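Beneath this line is the structure, given in C-alpha cells, with notes to follow.
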Amino acid sequence: MSYFSKTIFMQFLQCPKLAWNVYNIPNMFTSTDPATKARMAEGKAVEAHARKLFPAVTLIDHSQSFDDIVDQSNDALSYSTIPICNAILSSNGFSDRLLTAETDILVPCDDEYLLYEVKASTRAKPEHIPDIAFQKYVAEKRGLRIRQCFLILLNGKYIRKGEINTRQLFKIGDVTEGVQQYGESSDINAQVENAFEVCNQAKCPETEIGVHCSSDCPLRNTCWREVNKIKHNIFDLYRMPSKKAFGWYKQGITGIEDIPEDYPLTKLQKIQAKSEKTGEIHADRKEIKKFLNQLTYPLYFLDFETFSSAIPLIDNSAPYSVVPFQYSLHIIDEDLSKEPQHHSWIWGTEGEPRSIMLEQLKSLLGNKGNIIAYNALFEQMVLKQAVDLYPKQEKWLNNILKRFEDLLQPFRNFHIYHPAQKGSCSLKAVLPALTGQDYSQLQIQDGEQASRAFMGILNGQIADKQAILENLERYCGQDTMAMLEILRKMRSISA
Ligand code: SF4
C-alpha cells in the first residue's frame, strides 16, 4: 500500500518530478545528511515544547509501524477529549491509495477540531498555508470538521531568563481565513487530485530544471548533471538572478563562453567572464596596493564561530540568537612574512560566553592596529550584540569597530578574481583558488558543521568531546590563517 502524504504534496507543489520520485522510490530518499537530520531534530524539539502550551495531551507514539500509528491516531480521534498530538490522519484517496497527513495538534472542540501547526520559525512563510490547507483537506475528507486553523511560531522577541517560559516562547496566529482562501482559490481538491494522479502514473514526469530547484533537492546532482559538466556555467555568474540565468539557459546559453558579446553583464560579471574565458587571474594592482598600504600594524586576524538554536539554550538569548562559542586570533606585529602569534578560545559551557569572550579580547586586541575579518560585518555584529548585554564595554567597542578592515572587500569588488573561484568570493572559494590550500584535510570544514559539533557538546550528545574540541580548534585556526595567507598572496600579486 502506498501513502500519499503531506510531504509528497508539498514536494509536488515545488516540483512534480521530485514528488514522483519520493513517492515511488521512497527508500532512495531517506536522508542521512547531518544538516538535514539536525534540522529535523530541532523541529521535533520545538514541537515537543509547543505541546506544553496545553495542560494535558494524548500523544501518538511514533516508534511503531506506520499502520499502527494510523490505528492509534484513529482510536485517539474516537475517544480523546483532550488535544491529540502527532496524529496521522488518513482518508481513502482516489483509488485504493491512502491520503495521509501528520498533524501537530488537534484540539477537540464540541464536535469539531481546532488544528494547530507548529513551525520552528520566527516568521510565517508562504508554504505554511498550503501545508495546513492539505491537513484540513485530508481531515475533512476523513469526516472531521475543522473549525479553525492556527500557526504556532517562535517568538523572536522572547529572551530567555532562567527556565523557558513556554507561553512567551511562542506566538499563535489564526490562519483560518488564509487557509480557507487558499483552498478555494487554488482549488485544493483539484490540486491534490492532480498531484495524486501524476505521482501514480507509471512514468516519471519530465520537469525541466528551473527556479524551483533548491540547492538541497535530493535529485540535484542528477537533474543538473549536464550543467555541472560545464566548468564555467552561467549559473555561477556573480550575483546572477536565477530568473535571468534560466532565460538564457532556455536560449541554449549554458557556458560563460557562450554568452554573446552584446548580452548585458555587470562590470564584475564581465571581469569574471573574461578571467574564466582566458583562464587568467584578474588583478587590479593599484587597488590591491591601496588596500595593503592602508593597513596599520599590528594586524589582528579575527574569526568567530557561533551557534544558533530555535529554543534558546542559554540565558539572555532569543530563538535563533547568534551566540559566540569560539574565536581564533592570529597577530602579526609588523611583517607579513613572519610567523604570527596565535590565541584561541572555546567556551567550556560554564560562565557567560559573551562576557568571557569580551574580557579576553579586551586584553588581546590592544589599542592600535587593524582587525582583519572576512565579511567583517559578522564579527562586528557578534561584538555589538555581546556589548548590548554588557554596555560598560561600549567605549571599548566603539574604538574596536573603527579598527576593522574587511578582507572580503577586495574580492567583492573583484580587484582580484581567480577563475577557480567560480563566481564566489567566500573564504572557502578564495583560499584554494589563490593559495592552493584548502579545508579538505580537516574533520570540520565549515561554520555550520562547527556549530553542530559544538551544540552536540552543549547538549551532552558527543562521546569524544576532546576530539571535537581539537577539530574545532583546527578549523577556526585555519580560517584566520587563511586570511593571513590570502594577504600574503595579495602582496606578492601586487609587487
Ligand atoms: S533538481 Fe529541480 S528539476 Fe530536479 S527534482 Fe529537484 S527541483 Fe525538480
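General observations
- Distance violations [Cα-Cα > 28 Å] among 37/125; 231/290; 119/402: 231/290; 119/402
- Antiparallel bridges, percent of DSSP beta bridges restricted to the chain (to nearest 5): 70 percent
- Taking θ as phi - 60° and the Karplus parameters 6.51, -1.76 and 1.60, the scalar couplings of segment 217-229 work out to 4, x, 9, 3, 4, 5, 5, 9, 4, 5, 5, 5, 5 Hz in sequence order, x denoting glycine and proline.
- Taken one residue at a time, the phi angles of segment 243-257 give Karplus couplings (6.51, -1.76, 1.60, θ = phi - 60°) of 4, 5, 4, 5, x, 5, 4, 5, 8, x, 9, 10, x, 4, 6 Hz. Gly and Pro are set to x.
- Burial ranking of peptide ranges 40-53, 256-269 (average Cβ count within 10 Å, highest at the top): 40-53, 256-269
- If the segment from residue 359 to residue 174 were pulled out straight at 0.36 nm per residue, it would be longer than the present Cα-Cα gap by 62.0 nm.
- Percentage relative contact order, the chain, counting C-alpha pairs under 8 Å, at least six apart: 13 percent
- Sorting the segments 3-15, 57-69 by their residues' average number of neighbouring beta-carbon atoms within 10 angstrom, most packed first, yields 3-15, 57-69.
- Dipole moment magnitude, nearest 20 debye, segment 286-494 about Cα centre, only Lys, Arg, Asp, Glu C-beta charged: 800 debye
- Label-zone membership for segment 291-326, site residue 384, 7 angstrom Cα→C-beta point, backbone N under 14 Å: 322
- Where a label projected 7 Å from the Cα of residue 296 along Cα→Cβ would reach, residues of segment 386-413 with amide N under 12 Å: 399-405
- Qualifying GluC sites (Glu not before Pro) for segment 116-192 [loop in DSSP, other Cβ within 10 Å: at most 15]: 127, 163
- The long axis of helix 66-79 is offset from the longest Cα principal axis of the chain by roughly 60 degrees.
- Inter-label distance for residue 92 and residue 216, nm, one decimal - labels placed 7 Å from Cα along Cα-to-Cβ: 3.8 nm
- Considering only alpha-carbon pairs that sit under 8 angstrom and 6 or more positions apart, the relative contact order computed for segment 356-495 is 21 percent.
- Here the Karplus relation 6.51 cos²θ - 1.76 cosθ + 1.60, evaluated at θ = phi - 60°, turns the backbone of segment 288-293 into coupling constants of 5, 4, 4, 4, 5, 5 Hz, with x for every Gly and Pro.
- C-alpha center-to-center spacing [segment 28-42, segment 384-463] in angstrom: 25 Å
- Model label sites at residue 398 and residue 242, defined 7 Å from Cα along the beta-carbon direction, differ in position by 4.4 nm.
- Packing-based order for 366-373, 457-464, using average beta carbon neighbours within 10 Å, highest first: 366-373, 457-464
- Placing dummy labels 7 Å off each Cα toward the beta-carbon, the span from residue 68 to residue 464 is 3.5 nm.
- Average Cα contact separation per residue, segment 20-88, under 8 Å, 6 or more apart, as relative contact order %: 28 percent
- The calculated FRET efficiency for the pair residue 189 and residue 228, based on their C-beta separation and a Förster distance of 30 Å, comes to about 0.15.
- Nonlocal amide H pairs with residue 109, under 5 Å, H built at 1.01 Å: 114
Each reported figure results from applying straightforward, stated rules to the coordinates on display, with no laboratory input. Bear in mind that the values here come from a model prediction, so they are computed numbers and not experimental data. Reconstructed Cβ throughout: ideal geometry from the backbone, glycine too, with neighbour counts over all protein chains shown.
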